[in-house]
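For reference, the structure is listed below as structure tokens.
We did not get these values from a lab; they are worked out from the coordinates using the rules stated. Just so you know, these numbers come straight off a predicted model, no measurement behind them. Neighbour counts are summed over all protein chains in view; Cβ atoms, including those assigned to glycine, are modelled from backbone coordinates with ideal geometry.
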Amino acid sequence: MTFLTVYTDGETPETLLETADAEEIERALKEIDVRLRHWRVVEELTGGADQDRILDAYADDVARIVAEEGYSLVDVAQLHPDGSADWPERARAAREKFLSEHTHDDDEVRFFVGGSGIFYLHVGGRVHAVLCEPGDLLSVPKNTTHWFDMGTEPDFIAIRFFHDEDGWVGDFTGDPISARIPSFDAIATRRAALGGAS
Ligand SMILES: [Fe+2]
């Protein structure tokens, strides 16, 4: 179940909204041109599976949105704690990659098959932190300033949709804002304390 927190973007961010209400979340995101849709979850994939099996399980949904939106590339990104010696370093490096505010010249479109992650959308003096969970399809328009936090123990499977096959790059703004907005770990803890665990 999606969880949205909205913050002011000043030096001392204040929480303006905290909600797990699907309609309220969709409405708030629509105001900043971000689309959130929901697909039925294929439960048996939540523990992880290979890319072909994941794409096959969602073949109808994927084909429909590809036809609607004209994506030219679809793939799967996933990360799970595996207990290996290099896991802490791989987890840290993966998290760091898009943890600072940036933009892309393509839409950023992700469907969460399993696990969770937070997209932080910095628009109009506010930060919308969208905690995405299985079933959530989030579409962030190109050039939207944002960052992504997968937490200190990344655990997710996401289908990614691209219009541009030339690779996925971030244009980093240099704004240190992501350091002063609550992290994935902090928001996940807060959500659990509110009793909203899915
Ligand atoms: Fe991004």
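Observations on the model:
- Neighbourhood charge, 9 Å Cβ-Cβ cut-off, centred on residue 163 and excluding it, Lys, Arg +1 and Asp, Glu -1: -4
- Where only C-alpha atoms are counted, convex hull volume of region 39-108 per residue in Å³: 126
- Basic side chains Lys and Arg get +1 at the Cβ, acidic Asp and Glu get -1 at the Cβ, and with that the dipole of region 39-89 about its Cα centre reaches some 160 debye.
- Protection proxy ranking for 86-92, 103-109, using the average of other Cβ atoms within 10 Å per residue and placing the highest first: 103-109, 86-92.
- Directionally averaged shadow of region 3-193, computed from the convex hull of its alpha-carbon atoms, nm²: 11.0
- Dipole axis of region 12-106 (+1 Lys, Arg; -1 Asp, Glu on Cβ), positive-most option in 20, 73, 100: 100
- Relative counts (whole %) of C-alpha pair distances in region 145-187, using bins that are 5 Å wide: 5, 14, 21, 21, 21, 15, 3
- Lys, Arg +1 and Asp, Glu -1 on Cβ, resulting dipole of the chain about Cα centre, debye, nearest 20: 440
- The alpha carbon centroids of region 5-48 and region 95-131 are separated by 11 Å.
- Projecting the Cα positions of 5, 54, 140 onto the charge dipole of the chain (unit charges on Cβ atoms of Lys, Arg, Asp and Glu, taken about the Cα centre) puts 5 furthest along the positive direction.
- Calculated log₁₀ intensity ratio I(q)/I(0) where the Debye formula runs over C-alpha points of region 11-58, q = 0.23, 0.24, 0.31 Å⁻¹: -0.86, -0.89, -1.12
- Summed over qualifying helices (DSSP H, 4 residues or more, each -39500 (n - 2.57)) and divided by its residue number, the chain shows a 222 nm mean residue ellipticity of -7000 deg cm²/dmol.
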